[in-house]
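Engineer: Structure below; questions to follow.
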Amino acid sequence: MKITDIKTWVVGNPPPGIGGRYFIFVRLTTDGGVTGFGEAYNATFGPPVTARMIEDVAERYLIGHDPHDIETFFRRCYSSGFTQRPDVSMMGCFSALEIACWDIIGKEAGEPIFKLLGGRVHERLRSYTYLYPHSGSAVPAEADNPDKNVYTDPDLAARCAAEYVRQGFNAVKLDPAGPYTAFDGHQPRLADIDLSTRMVAAIREAVGTSCDILFGTHGQFTASGALRMARAIEPYDPLWFEEPVPPDMPEVMAEVARGTSIPVATGERLTTRAEFARVIENRAASILQPDLGRSGGILETKKIAAMAEPYHIQVAPHCYCGPIVGAANIQLAVTLPNFLILESLKTWDGFHAKLLKNKIEWQDGWVIPSAEPGLGVELDEAVCEAHPYDGNDLHLEMMQTPLFP
């Protein structure tokens, strides 16, 4: 079996834009006509450039080769251009292609991917959702104040969390800790600490002990600033404090982990075993959040989870992108003894459902893994063709000026 063809799409994500501005999908085809789908969580270059980078990687290292040879493909990409080090852009491209290879492998075997990775550990997967603001939220902004939303108003956040609990979720996430910039980490403003505390307090009062609260930041703080924020929200017992400092120095994140009772979570911006190993060795986090569209794909992330397991570190796959990464997360999570919780794009409805021929199944707070061969989902190519993204913005962007200029 050989890979003979590749096609990429940059698909615009219509309002409310849950999961980002666009999704970058790939389809691989074998000489036997079997197709596999992948997705990149890659935000460092403009989308047309990224799509072309994926094609370049495939042309250099994959087309003409057997998709089963994942280890060889990884080493060639990891070493591309005399690098042999974690490269977030290369690994985003590789991850998309690797996921597509596994989709083909599963289809050829007639088995879901999880059957080829050690088998099922979990019959279903606990999931959480963000509290989405404005039209993306379960509770929209108040009509007389469109800037009032679930990230700025404790009452709206509490109502939104209660609505998600009524839907079946038993964990919700928010990140109200103020702006994040290219110049972080910074010390949080007292106003940001106050708002964050009031938001978490309101949600805890609304949901009681029926729901975990996941407190997100985006690597915004210095270690001392993160600890100031942690002390303020500790009384409300969040399940985790996410990426409290930038991801480049796990040694600094470890200072936060040692100084708070809230479990520290990190990983959406990390890639390969090499970067996650530093987190594990430094005891910088007790929860890892690899995103399979960036972390190195399915097999590499299986290895990351295996490294974490003897340290009693849990895995909560990240997903702020499209449903193909979501499906890959599910296939892997099913196999992990140290799985904690899965990020869900609400209930996988809206545009995420339209992009697939068969929707990801969600019931009462749980994702039900598909037992169909491969990823268990099929991308609807007609929908991809009908929603091209014509812009050149990045998937996610930070403020380009300091918070305190």
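Engineer: Which one of Phe45, Phe25, Phe73, Phe82 is more than 27 Å from Glu343 (Cβ to Cβ) and of a type in the set (A, V, I, L, M, F, W, C)? Full working, then the answer.
Structural biologist: Numbers: Phe45 fails: more than 27 Å from Glu343 (Cβ to Cβ); Phe25 fails: more than 27 Å from Glu343 (Cβ to Cβ); Phe73 fails: more than 27 Å from Glu343 (Cβ to Cβ).
Exactly one of Phe45, Phe25, Phe73, Phe82 is more than 27 Å from Glu343 (Cβ to Cβ) and of a type in the set (A, V, I, L, M, F, W, C), namely Phe82.
Engineer: Which is basic (Lys, Arg), more than 16 Å from Pro176 (Cα to Cα), at pLDDT 90 or above and out of contact with any helix residue (DSSP H, G or I) (no Cβ under 6 Å at 6 or more places or on another chain), of Arg159, Arg126?
Structural biologist: Arg126
Engineer: Separate question: What single numbered condition from (1) surrounded by fewer than 17 Cβ atoms within 10 Å (Cβ to Cβ); (2) among the aromatic types (Phe, Trp, Tyr); (3) touching a residue at least 24 places away in the same chain (Cβ under 8 Å) fails to hold for Tyr78?
Structural biologist: (1)
Engineer: Something else: Please state which of the following conditions Val57 fails to meet, knowing it meets all the rest: (1) part of a helix (DSSP H, G or I); (2) farther than 29 Å from Tyr128 by Cβ; (3) out of contact with any helix residue (DSSP H, G or I) (no Cβ under 8 Å at 6 or more places or on another chain); (4) not polar (S, T, N, Q).
Structural biologist: Condition (3) is where Val57 drops out.
Results for (1) surrounded by fewer than 22 Cβ atoms within 10 Å (Cβ to Cβ); (2) of a type outside the set (Gly, Ala, Ser), shown as yes or no for each residue.
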position: Asn282; (1), (2): yes, yes
position: Asp291; (1), (2): no, yes
position: His312; (1), (2): yes, yes
position: Pro317; (1), (2): no, yes
position: Gly322; (1), (2): no, no
position: Gln331; (1), (2): no, yes
position: Thr335; (1), (2): yes, yes
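Engineer: Being over 22 Å from Val26 (Cα atoms), among the polar types (S, T, N, Q) and modelled with pLDDT under 95 is the filter here, so list the residues in the stretch 354-405 that pass it.
Structural biologist: Gln400, Thr401
Engineer: More than 23 Å from Cys321 (Cα to Cα), part of a helix (DSSP H, G or I) and within 24 Å of the chain's Cα centre (by Cα): is that true of Phe73 in this structure? Step through it out loud before you land on a result.
Structural biologist: Details: more than 23 Å from Cys321 (Cα to Cα): yes; part of a helix (DSSP H, G or I): yes; within 24 Å of the chain's Cα centre (by Cα): yes.
Considered against the rule, which asks whether it is more than 23 Å from Cys321 (Cα to Cα), part of a helix (DSSP H, G or I) and within 24 Å of the chain's Cα centre (by Cα), Phe73 comes out as yes.
Engineer: Within the stretch 56-64, identify whether any single residue is in contact with a strand residue (DSSP E or B) (Cβ under 7 Å, 6 or more places away or on another chain), under 20 Å from Pro323 (Cβ atoms) and at pLDDT 95 or above, and answer yes or no.
Structural biologist: No: zero hits.
Engineer: Could I ask something else about it? Which count do you get for residues in the stretch 282-314 that are outside any loop (DSSP other than H, G, I, E, B), touching a residue at least 24 places away in the same chain (Cβ under 8 Å) and over 17 Å from Phe241 (Cβ atoms)? Spell out how you get there, then give the answer.
Structural biologist: The first filter runs over the stretch 282-314 and keeps only residues outside any loop (DSSP other than H, G, I, E, B), leaving 287-288, 297-311, 314.
Within this subset, residues satisfying the condition of being touching a residue at least 24 places away in the same chain (Cβ under 8 Å) are 287-288, 297-305, 307-309, 311, 314.
Cutting the leftovers down to over 17 Å from Phe241 (Cβ atoms) gives us 297-305, 307-309, 311.
Counting residues in the stretch 282-314 that are outside any loop (DSSP other than H, G, I, E, B), touching a residue at least 24 places away in the same chain (Cβ under 8 Å) and over 17 Å from Phe241 (Cβ atoms) gives 13.
Engineer: Next up: So in the stretch 22-44, with the set limited to residues that are modelled with pLDDT of 95 or more and part of a loop (DSSP other than H, G, I, E, B), which one is surrounded by the most Cβ atoms within 10 Å (Cβ to Cβ)? Can you show your working first?
Structural biologist: Narrowing the stretch 22-44 to residues modelled with pLDDT of 95 or more: 22-41.
After this cut, where a residue has to be part of a loop (DSSP other than H, G, I, E, B) as well, the list is 31-34, 41.
On the way: Asp31: 11, Gly32: 10, Gly33: 7, Val34: 18, Tyr41: 28.
The qualifying residue surrounded by the most Cβ atoms within 10 Å (Cβ to Cβ) is Tyr41.
Engineer: Looking only at the stretch 368-387, how many residues end up being part of a strand (DSSP E or B) and touching a helix residue (DSSP H, G or I) at 6+ places or on another chain (Cβ under 7 Å)?
Structural biologist: Within the stretch 368-387, the first condition is being part of a strand (DSSP E or B), and the residues that meet it are 368, 374, 379.
Add one more test, that the residue is touching a helix residue (DSSP H, G or I) at 6+ places or on another chain (Cβ under 7 Å), and what stays is 374, 379.
Going through the stretch 368-387 one residue at a time, the tally reaches 2.
The values are calculated or read from the model by the stated rules, or taken from the named source; none is laboratory data. Predicted, not measured: the structure shown is a model, and the values here were computed from it. Cβ coordinates were reconstructed from backbone atoms using ideal geometry, including for glycine residues, and neighbour counts include every protein chain displayed.
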